[in-house]
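The values are calculated or read from the model by the stated rules, or taken from the named source; none is laboratory data. In this text, all values refer to a predicted model and were calculated from it rather than measured experimentally. Don't worry about glycine lacking a Cβ; one is built from the backbone with ideal geometry, like all the others, and counts go over all protein chains shown.
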Amino acid sequence: MKELKPKLLMTPGPTIVPERILKALSMPIIHHRTPEFTEILRDAAGRLKPIFKTDNDAFILYSSGTGAMEAAIANTINPGDKVVSIVSGKFSERLRDIAIAYGANVESVEFNWGSEIDVEKIKEKITEDTKAVTIVQNETSTGVRNPVWKIGEITKETDTLLITDVISSIAGDNIQTDKWGVDLCIGGSQKCFALPPGLAFITVSEKAWNAIEKNENRKFYFDLMKYKKKFPQTPFTSSISLLYALEESLDMIEEEGLENRIKRHVDNAEFCRTEVKKLGLELFPEKEEIASVTLTAIKHEKSEEIRTKLKENYDILVAGGQSHVKGKIFRIGHMGFVGRSELEKTISALEEVLGDL
């Protein structure tokens, strides 16, 4: 394999993987049907719960975060069920499109990318026959945080499920699954956990289990009942090395302290926004108070040229825009174990690139 030149990975996932986690990935492979592996899986699933701030069941799936998104829909939505999808970016579009693929009658409540969602407009669409509401808490494509708890206030005392993607914010932002009334909460490995891609996480409430037991939709690999019945084993072959890495990531999170870790993400986000504004740049979110704490989205008509120069001249990778904002914004990730020094290096290089432009 051709050797890759190392680069400073300042994208909103995948993120920098610390040496401790890389070392854990190289541990000897054991068989996944042994007591040793069972103990690792049980431990990891249990340690995820405090990070999600939930008493609900937590499962580890061997896929990207999109696999857990599909599992949430496939296990609860029957063809013809009404689903209200809150759409304000690329990944909320994905949740909506998965629901459509599984035959849901989807009512899409759409908002401009970068804008604040209108909870009253959403509330009007949620009726007694609404099976589920889908929302992305931290929309990676726009750098906007959405107020999931406000939707939970609408659905909590009803039969309507709240399906929430926290893939790019869990372990970096203050996610309160139970307090917010989230029934299926979806996470992923390659963002704030600072793992390689390949693991997805999902928590399941009692209300969600009731829906799952009555579900008639076809599913196989992502059948959550199989995971529940088999736990603390898995119904299929597990990604053993990634489980080792997850255990090491959880060790590092616990050593730092979850609340300290969240504060670090908040502080780094504020620092990044302040510094890019000093450079005369404009944030993409319409209000700074709705801006993400794990990435910063920035407007610029030469965003692709900026990204190219950062990569070629400084070995720094930042992300571009997606869909209709491609070429109009770029995005700096500051999640996982990204620290102030990496941010300062990125901002300094960005300042020089802007000077060259």
With the first residue restricted to segment 65-84 and required to be more than 17 Å from CYS185 (Cβ to Cβ) and in the same structural domain as LYS191 (by TED's automatic domain parsing), and the second required to be of a type in the set (Phe, Trp, Tyr) and in a loop (DSSP other than H, G, I, E, B), Cβ contacts under 8 Å at 6 or more apart or on different chains are PRO79/TYR102
Restricting segment 283-299 to residues that are of a type in the set (D, E, K, R) and farther than 14 Å from LEU350 by Cα, the residue that is surrounded by the fewest Cβ atoms within 10 Å (Cβ to Cβ): GLU289
Identify, please: which residue in segment 101-132 is part of a loop (DSSP other than H, G, I, E, B) and of a type in the set (S, T, N, Q) and is, among those, farthest from the chain's Cα centre (by Cα)? THR127
Report the residue count in segment 24-46 for those that are closer than 16 Å to PRO232 by Cα and assigned to a helix (DSSP H, G or I). 12
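Give the residue, chosen from ALA104, ALA99, that is crowded, with 20+ Cβ neighbours inside 10 Å and under 18 Å from CYS185 (Cα atoms). Walk me through it before giving the result.
Working: ALA104 fails: under 18 Å from CYS185 (Cα atoms).
Unique residue meeting the criteria: ALA99.
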When segment 64-96 is checked residue by residue, the ones that are assigned to a loop (DSSP other than H, G, I, E, B) and surrounded by fewer than 20 Cβ atoms within 10 Å (Cβ to Cβ) are SER64, ASN78, PRO79, GLY80
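Which members of segment 144-170 meet the condition of being assigned to a loop (DSSP other than H, G, I, E, B) and within 12 Å of the chain's Cα centre (by Cα)? Before the answer, list the steps.
The first filter runs over segment 144-170 and keeps only residues assigned to a loop (DSSP other than H, G, I, E, B), leaving 146-147, 156-160, 166-169.
Within segment 144-170, VAL166, ILE167, SER168, SER169 meet the criteria.
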Residue tally, condition among the aliphatic types (A, V, I, L, M) and in a loop (DSSP other than H, G, I, E, B), over segment 47-63: 0
Looking at segment 216-223, is at least one residue farther than 22 Å from LYS53 by Cβ, acidic (Asp, Glu), in the same structural domain as ASP57 (by TED's automatic domain parsing) and not in a helix (DSSP H, G or I)? yes
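Taking the conditions exactly as written (aliphatic (A, V, I, L, M), surrounded by fewer than 20 Cβ atoms within 10 Å (Cβ to Cβ) and not in a loop (DSSP other than H, G, I, E, B)), does ILE135 satisfy them or not? Step through it out loud before you land on a result.
Values: aliphatic (A, V, I, L, M): yes; surrounded by fewer than 20 Cβ atoms within 10 Å (Cβ to Cβ): no; not in a loop (DSSP other than H, G, I, E, B): yes.
The answer is no for ILE135.
Determine, yes or no, whether SER292 is in contact with a Ser or Thr (Cβ under 8 Å, 6 or more places away or on another chain), outside the structural domain of ARG145 (by TED's automatic domain parsing), in contact (Cβ under 8 Å) with a residue 12 or more places away in the chain and within 30 Å of ARG20 (Cα to Cα).
Details: in contact with a Ser or Thr (Cβ under 8 Å, 6 or more places away or on another chain): yes; outside the structural domain of ARG145 (by TED's automatic domain parsing): yes; in contact (Cβ under 8 Å) with a residue 12 or more places away in the chain: yes; within 30 Å of ARG20 (Cα to Cα): yes.
Yes: the conditions hold for SER292.
Which of the residues spanning segment 322-342 are touching a residue at least 24 places away in the same chain (Cβ under 8 Å), touching a strand residue (DSSP E or B) at 6+ places or on another chain (Cβ under 8 Å) and surrounded by fewer than 24 Cβ atoms within 10 Å (Cβ to Cβ)? Quick ask: steps written out before the conclusion?
Of all residues in segment 322-342, those touching a residue at least 24 places away in the same chain (Cβ under 8 Å) come to 322-325, 327-340, 342.
Okay, now just the ones that are also touching a strand residue (DSSP E or B) at 6+ places or on another chain (Cβ under 8 Å), so 327-335, 342.
Selection gives GLY327, LYS328, GLU342.
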Over segment 316-357, the set of residues β-branched (Val, Ile, Thr), within 24 Å of the chain's Cα centre (by Cα) and assigned to a helix (DSSP H, G or I) is VAL325, THR346
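Working only within segment 171-196, note down all residues that are part of a loop (DSSP other than H, G, I, E, B) and either hydrophobic (A, V, I, L, M, F, W, C) or in the same structural domain as ALA297 (by TED's automatic domain parsing) (or both). Outline the logic, then answer.
Narrowing segment 171-196 to residues part of a loop (DSSP other than H, G, I, E, B): 171-172, 174-176, 181-183, 189-196.
If the condition is that a residue be part of a loop (DSSP other than H, G, I, E, B) and either hydrophobic (A, V, I, L, M, F, W, C) or in the same structural domain as ALA297 (by TED's automatic domain parsing) (or both), then ALA171, ILE175, VAL182, CYS192, PHE193, ALA194, LEU195 are the ones that fit.
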Taking interchain pairs and intrachain pairs at least six residues apart, which have beta carbon atoms under 6 angstrom, with the first residue in segment 33-60 and exposed (fewer than 15 other Cβ atoms within 10 Å of the Cβ) and the second among the β-branched types (Val, Ile, Thr)? GLU36/ILE30
